[in-house]
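Okay, so here's the structure we're looking at.
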Amino acid sequence: MLTLGTPLSRIAFITPRFLKSLEKLGLRTVQDLIWHFPSRYEDFSQIYNIGDLEPGQHATICGLIKDVELRRSFRRRMAIVEAVIEDETGSIKAVWFNQPYLKNTLKVGRMMNFSGKVGISESEIYLPHPDYELTTSSERQETKHTGRLVPIYPETRGLTSRALRFIVQPILKNLETLREFLPREILASMNFPEINEAIQNIHFPLNVEEVEQIKKRFAFQDLFLLQLFNLEQKLRLAREKAPQIKTDIEYVREILGVLPFELTTSQKKSLWEIIQDLEKDHPMNRLLQGDVGSGKTVIAALSALIAARNGFQAAFMAPTEVLVNQHFKTMKELFLGIAKKKPESYLPPLGLLTASGAKIFFPELNSESGPKKLEIQKKILSGEVKIMIGTHALIQKTVKFNNLGLVIIDEQHRFGVRQRAELVGHEARSMKHETRDINPHLLSMSATPIPRTLMLTVFGDLDISVIDELPAGRKNIVTKVVAPENRNQAYGFIKAQVLSGRQAFVICPRIEKSEMRQETWKDINMAEVKSVKEEYEKLSQKIFPDLKVEMLHGQMKAKEKEKIMNEFRDGKIQILVSTSVVEVGVDVPNASIMMIEGSDRFGLAQLYQFRGRVGRGEHQSFCFLFTDSEGETTRKRLEAIVKAKSGFELAEVDLKIRGPGEFLGQSQTGLPDLAMRGLQDLNLIKASREAAVKVLKTDPALKKYRALKERLDEFSRKIHQE
Ligand code: ADP
Ligand code: MG
């Protein structure tokens with residue numbers, strides 16, 4: 001009897017050479033192998049009379065071998081085996097190339113099945129390299145290559161579907177009885193086959209309808225586990241302790257009163273949701289979702305102030321130094337504005353920490369200093385600095401907080417989906433203060449809208465606040481794909497805009513011109529990709545010699561980058577040529593033009609982010625997309641950007657074009673293929689969620705569901721390891 005854990009190397013009928021090929025596919029145990037599902041099936045289920053065959057048919061015939069011959073082709077000395085097969089209705093020739101050994105397999109006088117596509121040559125039908133199989137009985141279940149729906153596996157070199165069928169079928173026959181972990185009532189209500197039937201029949205199904213239902217079952221089971229995992233995570237957080245941060249509403253009112261603008265309705269609603277979460281004694285785990293430019297930063301700043309006002313520290317993390325510097329500056333200006341209008345308002349010391357340096361701003365003294373890292377670490381540990389803004393530098397072991405109450409993560413999608421579990425768990429935890437068992441509240445923010453299907457699954461453990469409106473007075477961004485011949489016209493337009501006081505971004509996919517020798521097409525292609533340095537030379541010297549043009553890219557020193565960004569923000573630079581370092585979060589309301597070179601080289605979400613850099617003030621803004629690619633996909637994608645009214649809409653399109661794996665930004669999300677595809681099936685997702693809620697409600701500890709509990713523990717371990 002074989003178990004799921006039996007190594008394939010211990011199965012006698014698998015040859016060492018074949019074993020190697022299996023290993024290359026990552027298939028080592030019986031479980032690996034039988035979970036390597038067919039990618040499709042060929043329907044050879046109907047057995048035809050030879051006399052009825054027609055060219056082009058996929059058919060199985062069952063007949064007697066009358067003659068077998070091996071010969072070599074004249075010119076290429078290729079082995080050709082020809083057999084004549086006969087039944088009561090007629091005879092047909094079957095032909096195989098390069099398989100001389102068939103001469104011995106196909107013995108005259110044997111009854112065999114042959115499956116293949118009927119071909120025609122010189123007005124005679126024949127079977128080119130059909131699959132063949134001895135017929136020991138007429139029972140369907142006994143065959144594996146012919147006379148049935150035949151599984152076709154995703155193939156790699158040295159591993160044909162035929163060979164896989166050869167080993168999969170006997171393994172399935174000798175397999176232990178598998179334990180069902182899906183609750184019986186779920187199987188019944190979903191009309192799913194139980195596991196043993198499912199695994200047998202996904203390889204050797206009787207009909208196509210059956211396959212669909214089995215695939216659904218396998219997608220469902222992983223979605224169901226994911227739902228349980230998320231729900232448990234939620235329940236666990238609900239049991240954990242967090243500092244209760246009671247909001248001083250008077251204080252919030254005072255601050256709101258002196259902001260340079262009024263919050264939008266959905267900003268207010270989101271802030272209110274956060275305030276309510278902070279008051280609870282278990283950790284908040286909330287995602288603030290809002291389109292680019294919808295004003296998430298001010299909500300983050302207010303939340304941090306609320307925590308500080310209560311004596312807690314807040315850590316505000318962003319993915320790039322450019323962004324960290326901007327947030328620091330925004331916050332500082334906010335503080336200065338408040339101090340000016342309401343000098344008696346409480347304002348805490350504000351710190352910055354990145355790989356390239358540290359800063360502290362004391363609002364009371366209106367003074368800023370650049371302390372050594374060690375010094376700021378001391379001030380973080382002593383609790384003197386209340387709000388820390390920083391990159392990943394904030395989560396180094398050397399940084400210890402005194403009493404961290406709130407962690408904010410900006411542009412959380414940039415930290416990668418797989419890291420998200422870590423951000424919620426590990427990172428927050430590593431920033432935990434002295435008192436062991438208290439976790440900070442967590443607020444993450446993202447402008448990459450997450451389609452509903454993913455929201456209900458992959459991100460199912462989060463509470464969501466949505467800012468679904470832009471501040472009043474924003475105009476639509478006019479977006480155009482510009483043909484190469486209209487380039488000069490675009491430059492003329494940019495010049496006019498700049499002369500009327502606006503600023504422009506020019507985004508390039510690369511930093512430097514390719515120095516590769518242009519020998520292959522690929523190289524030539526690469527060389528045409530616009531580089532920041534080249535474009536900077538060209539724009540500053542030839543196109544806009546009388547305008548102030550600067551460049552920005554990742555190879556520059558942090559100080560330099562900061563200087564350039566500051567000058568751009570202050571309007572001293574008119575045109576900024578940059579790589580994708582300005583992709584996320586950068587906020588310069590006076591900029592009204594976003595020009596993107598090689599736009600086919602960026603992802604949809606990225607392009608959307610670029611475009612979101614403009615249209616942030618009262619000025620009509622424009623986004624020009626340049627591309628040299630004329631491909632269909634490029635056209636489709638750019639069209640999606642031009643048309644997209646909101647990031648949410650775009651995300652749905654993006655998910656459809658690229659599929660969940662690519663969309664999530666990582667080919668492996670820990671989910672098997674079928675479940676990944678299931679991520680697009682809203683009905684299945686809803687069903688899995690409802691089922692999970694129901695099970696946990698009736699039996700939170702899963703006492704009655706031992707097999708399920710074990711599977712879930714295994715699933716959690718896997719996710720945590722990743
Ligand atoms: P994002 O949500 O993309 O992070 P930001 O927080 O950078 O957006 O905000 C974009 C711009 O909108 C900033 O200049 C900010 O000061 C401004 N802003 C935010 N909220 C409002 C509001 N309610 N009314 C007017 N302007 C606002
Ligand atoms: Mg932002």
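The values are calculated or read from the model by the stated rules, or taken from the named source; none is laboratory data. Remember, predicted model here, so these are calculated numbers, not experimental data. For neighbour counting, all protein chains shown are included, and Cβ atoms are generated from backbone atoms with ideal geometry for every residue, glycine included. In case anyone asks, the SASA skips ligands and DNA or RNA and just uses the protein heavy atoms, side chains included. Shrake-Rupley method; radii C 1.70, N 1.55, O 1.52, S 1.80 Å.
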Quiz item: For the range 162-179, in order, what is each residue's ³J(HN,Hα) by Karplus, 6.51 cos²θ - 1.76 cosθ + 1.60 with θ = phi - 60°, in whole Hz (x at glycine and Pro)?
Solution: 4, 5, 4, 4, 4, 8, 5, 5, x, 5, 4, 5, 9, 7, 4, 6, 7, 7
Quiz item: Along the positive direction of the dipole of the range 478-644 (beta-carbon charges: Lys, Arg +1; Asp, Glu -1; about the Cα centre), which of 491, 576, 508 reaches farthest?
Solution: 576
Self-check item: Neighbour net charge for residue 68 - beta-carbon separation under 14 angstrom, K R +1, D E -1
Solution: +2
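What number, in percent, do you get for the relative contact order of the range 249-467 if the mean sequence gap of Cα pairs under 8 Å and at least 6 apart is divided by its residue count? Each step should come with its number before you reach the end.
Working: 377 pairs, mean separation 66.4, N = 219.
After rounding, I find 30 percent.
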Quiz item: Once amide H atoms are placed 1.01 Å from N in the peptide plane, what residues at a sequence separation of 5 or more from residue 438, or on another chain, have their amide H within under 5 Å of its amide H?
Solution: none
Quiz item: So what's the net charge close to residue 571: Lys and Arg +1, Asp and Glu -1, counting the other residues with Cβ under 11 Å from its Cβ?
Solution: +2
Practice problem: Divide, for the range 249-467, the radius of gyration over alpha carbons by 2.2 N^0.38 Å, where N is the residue count. | Solution: 0.96
Quiz item: Considering only the other residues whose Cβ falls under 10 Å of the Cβ of residue 587, what net charge follows from Lys and Arg at +1 and Asp and Glu at -1?
Solution: +4
Practice problem: Can you tell me the 0 to 90 degree angle between the C-alpha axis of helix 558-569 and the longest principal axis of the chain, rounded to 10? | Solution: 70 degrees
Practice problem: Would you list, by chain and number, the lysines whose Cα falls below 16 Å from the Cα of residue 397, excluding same-chain residues fewer than 8 positions away? | Solution: 373, 378, 379, 432
Exercise. Starting from the Cα-Cα distance between residue 12 and residue 628, subtract it from 0.36 nm times their residue separation and give me the gain in nm to one decimal.
Key: 216.1 nm
Quiz item: Which of the pairs 372/563; 656/697; 359/533; 246/686 have their Cα atoms more than 27 Å apart in this structure?
Solution: 656/697; 359/533; 246/686
Practice problem: Could you work out how far the C-alpha centroid of the range 2-22 sits from that of the range 283-300, in angstrom? | Solution: 52 Å
Quiz prompt | Theoretical FRET efficiency, 1/(1+(r/R0)^6), r = Cβ-Cβ of residue 570 and residue 396, R0 41 Å, to 0.05 | solution = 0.80
Quiz item: What nm distance separates the two modelled labels at residue 649 and residue 91, each placed 7 Å from Cα along Cα→Cβ?
Solution: 6.9 nm
Quiz item: Under 24 Å from the Cα of residue 341, which lysines turn up, not counting those fewer than eight places away in the same chain?
Solution: 268, 296, 329, 332, 386
Practice problem: List the relative contact order of the chain as a percent without decimals, with contacts defined as Cα pairs under 8 Å and 6+ residues apart. | Solution: 12 percent
Quiz item: Ordering 596, 511 from largest to smallest accessible area (1.4 angstrom probe), what's the sequence?
Solution: 511, 596
Self-check item: Listed peptides 704-714, 29-39, 73-83, 293-303 by packing density, highest first (mean Cβ within 10 Å)
Solution: 293-303, 29-39, 704-714, 73-83
Quiz item: Compactness ratio of the chain: Cα Rg over 2.2 N^0.38 Å, N = residue count?
Solution: 1.21
Exercise. Could you rank 52, 131 by how accessible they are, 1.4 Å probe, largest area first?
Key: 52, 131
Self-check item: the chain: calculated mean residue ellipticity at 222 nm from DSSP helix runs of at least 4, using -39500 (n - 2.57)
Solution: -11500 deg cm²/dmol
Quiz item: Once you wrap a convex hull around the alpha carbon atoms of the range 478-644, what is its projected area averaged over all directions, in nm²?
Solution: 9.8 nm²
Quiz prompt | With Cα atoms, 0 to 90° folded angle of helix 373-382 axis to the chain main axis | solution = 80 degrees
Practice problem: Apply the Karplus parameterisation 6.51 cos²θ - 1.76 cosθ + 1.60, with θ equal to phi minus 60°, to every residue of the range 287-294 and state each ³J(HN,Hα) to the nearest whole Hz, in sequence, with x for glycine and proline. | Solution: 9, 9, 9, x, 4, 4, x, 7
Quiz item: Once you put a point 7 Å from the Cα of residue 706 and another 7 Å from the Cα of residue 64, both along the Cβ direction, what distance in nm separates them?
Solution: 5.8 nm
Quiz prompt | Residues of type aspartates and glutamates that residue 704 reaches as a straight line, Cα spacing below 17 Å, ignoring anything fewer than 8 places off in the same chain | solution = 180, 185, 232, 713
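By how many nm would the segment from residue 197 to residue 76 lengthen if fully extended, with 0.36 nm per residue of separation less the alpha-carbon distance?
So the chain would gain 38.7 nm between residue 197 and residue 76.
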Quiz item: Roughly how tilted is helix 647-663, in degrees to the nearest 10 and between 0 and 90, from the longest Cα axis of the chain?
Solution: 40 degrees
Practice problem: Residues in the range 3-47, backbone N under 14 Å from the label point at residue 101 (7 Å along the Cα-to-beta-carbon vector): list them, ranges by number please. | Solution: 14-19
Practice problem: With the full set of protein chains in place, find how many percent of the accessible area of the range 249-467 is carbon and sulfur; take the probe as 1.4 Å. | Solution: 53 percent
